[in-house]
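Worksheet: one structure, shown below.
The values are calculated or read from the model by the stated rules, or taken from the named source; none is laboratory data. Just so it is clear, the structure is predicted and the values come from calculations on it, not from any experiment. Here Cβ is always computed from backbone atoms with ideal geometry, including for glycine, and neighbour counts include all displayed protein chains. Surface areas here come from the heavy atoms of the whole protein model, side chains and all, with no ligands, DNA or RNA. Shrake-Rupley method; radii C 1.70, N 1.55, O 1.52, S 1.80 Å.
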Amino acid sequence: AQRSHSYFEEVVSRVYRQYETLLAQSQALDFDDLLMKAYQLFDDHPDVLAKYQSRYLHLLIDEFQDTNITQYALARQMAAKHRSICVVGDPDQSIYSWRNADLRNILNFERDYPEAKVVYLEQNYRSTQTILEAAHQVVSVNRSRKENALWTDNEEGAPLRVVETFSEFEEAQFVVSEVARLLDQDEASHVDCAVMYRTNAQSRALEEAFVRDGMPY
């Protein structure tokens, strides 16, 4: 409310205050309260924090690059007594800043725990050397990152081909055309082709493109 500079922001602050009041009356928490209220509980009641510090001697956190500031603050509270904390993460895979994941957590960990042993897991067992070098060229221009040297015993691999498309439908049509090209040139049969995508939502455009072309999939 003190920082609001417009009528809209003033209304939002009033709604938020009323929302918090209704939550308290209902003894309810929304999702981010599970973190914030836990942190406040430990901060306001050292005896409660001491109980959980004694119960959980070791703290292990995976996907540490995806944690937000509150999660890291909560972890530091829990680990303050025994300082037995292990985190695993890759700064180059930090892609959730839009939901408040903060890369500084992993960059600051060594400062906050100078006694921690750092183990670099740099051998890659899944990708070709070409893939690793291409990925490194993409992420190496990031301003905030820890340098690493990924390597693999795998073969060099086929060259990459970058194709720019302007919509999910154009992308799907390119995939269908590429499969058709491989079939026409007898470089592959249908069973040799696989389409990989990041999220299930992307499958709809691909299926529609295959149906439209009459190509079995």
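Its Cα centre serving as origin, the stretch 56-121 has a Cβ charge dipole (Lys and Arg +1, Asp and Glu -1) of approximately 320 debye. For the chain, the spread of Cα positions along the three principal axes, ordered from largest to smallest, is 72, 49, 34 Å.
Comparing 54, 94, 167, which has the greatest mean-square fluctuation in the GNM of the chain with Cα pairs linked when under 10 Å apart? Maximum fluctuation in the GNM of the chain, among the listed residues, is at 167.
With the full set of protein chains in place, find how many percent of the accessible area of the chain is carbon and sulfur; take the probe as 1.4 Å.
Numbers: 8830 of 16560 Å².
The value for the chain is 53 percent carbon and sulfur by accessible area.
Given +1 at the Cβ of Lys and Arg, -1 at the Cβ of Asp and Glu and no other charges, the dipole of the stretch 107-186 around its Cα centre is 440 debye to the nearest 20.
Basic side chains Lys and Arg get +1 at the Cβ, acidic Asp and Glu get -1 at the Cβ, and with that the dipole of the chain about its Cα centre reaches some 1320 debye. Solvent exposure of the stretch 15-163, expressed per residue, is 74 Å² of accessible area, with all protein chains present and a 1.4 angstrom probe. Between the listed residues 172, 4, 154, the Cα displaced farthest toward the positive end of the dipole of the chain, a dipole computed from Cβ unit charges relative to the Cα centre, is found at 4. Relative to its Kirkwood radius, the Cα radius of gyration of the stretch 1-103 gives an Rg/Rh of 1.06.
Projecting the Cα atoms of 124, 96, 16 onto the dipole axis of the chain, where Lys and Arg carry +1 and Asp and Glu carry -1 at the beta carbon, places 16 farthest toward the positive end.
Name the residue farthest towards the positive end of the dipole of the chain from the options 108, 139, 185, assuming +1 on Cβ of Lys and Arg, -1 on Cβ of Asp and Glu, about the Cα centre. The one lying farthest along the dipole's positive direction is 108.
Applying 1/(1 + (r/R0)^6) with R0 = 41 Å to the Cβ-Cβ distance of residue 147 and residue 178 gives a FRET efficiency near 0.70.
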